[in-house]
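Read-outs: derived from the displayed coordinates by stated rules, not from any lab. None of the values given here were measured: they were computed from a predicted structure. Cβ sites come from the backbone with ideal geometry, for glycine too, and all protein chains shown count toward neighbours.
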Amino acid sequence: MSDPHMVQGARVRKSDASMLRAARRAVFEASDWLTAEQVTRIACPDASGSSVRPDCWNAEGQIFSVRYGQQDYFPAYGLDSERQFRPVAALADVLRVFDSTKDGWHLAYWFASVNSYLGGKRPLDLLATEPGRVIVAAQEEARGVWHG
């Protein structure tokens, strides 16, 4: 059994673990998150879903996931309803900007946080409608430019 006070291989204090749990809860409350099975079901309601593979999309850098409990979850804002719930095209661009500097949880925190480069809006709210602005905000974040 794993130590509940271990986070990515580092021991954390109880207060830090509590803050981490609260932050993860907040991310899940900020938007909808779907299991791979749920993504497949909405993307192919009348078909076998064999062409819908969120885990492959994740491996290819088209979307990201977070592990919560015993499941991997994908952000609903990362799926384009006009493209049969395939990944939003701009999401891959954002993921390339961050390369391997952010894991799934850090990406989720970034998307759920207000951003001054987006006029105080959250990247998750603008990804589908103003993807260029979200990509620029990601580039600024990756460059280490602080925003308030």
Spelling it out for Y68: with amide H atoms placed in the peptide plane at 1.01 Å from N, the residues 5 or more places away or on another chain with amide H under 5 Å from its amide H are Y73
Please order V94, V66, V134 by the number of other Cβ within 10 Å, starting at the fewest.
V66, V94, V134
Amide H neighbours of L79 at under 5 Å, excluding residues fewer than 5 places away on the same chain, with H built from the backbone geometry, are V88
Phi-based couplings in Hz for the stretch 70-75 (Karplus 6.51, -1.76, 1.60; Gly and Pro marked x):
9, 10, 8, 10, 10, x
Spelling out what I want: for every residue of the stretch 105-116, take phi, set θ = phi - 60°, compute 6.51 cos²θ - 1.76 cosθ + 1.60 (Karplus), and round to whole Hz; glycine and proline get x.
5, 5, 5, 4, 4, 4, 5, 8, 9, 5, 9, 5
Please identify every one of the chymotrypsin sites (Phe, Trp or Tyr not before Pro) in the stretch 49-148 that sits in a loop by DSSP and has no more than 14 other beta carbons within 10 Å of its own beta carbon.
W146
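How would you rank S100, S116, going from fewest to most other Cβ atoms within 10 Å of each one's own Cβ?
Ranked by crowding around the Cβ, least crowded first: S100, S116.
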Each residue of the stretch 82-87 in order: what ³J(HN,Hα) in whole Hz does its phi give by Karplus 6.51 cos²θ - 1.76 cosθ + 1.60, θ = phi - 60°, with x for Gly and Pro?
7, 10, 6, 6, 8, x
Taking placed amide H atoms and a strict 5 Å upper bound, the residues 5 or more places from W33 or on another chain that come that close are A76
May I ask you to sort D93, D99, D55 by Cβ crowding, counting other Cβ atoms within 10 Å and putting the fewest first?
D99, D55, D93
Whole-percent tail of the Cα-Cα distance distribution for the stretch 12-143, cut at 17 Å, equals 59
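Rounded, prolate or oblate: which fits the stretch 49-105 when a ≥ b ≥ c are the square roots of the eigenvalues of the alpha-carbon gyration tensor, with rounded for a/c under 1.5 and prolate only if a/b beats b/c? Numbers along the way, then the final one.
Numbers: a/c = 1.75, a/b = 1.13, b/c = 1.55.
Oblate, because a/c is 1.5 or more while a/b does not exceed b/c.
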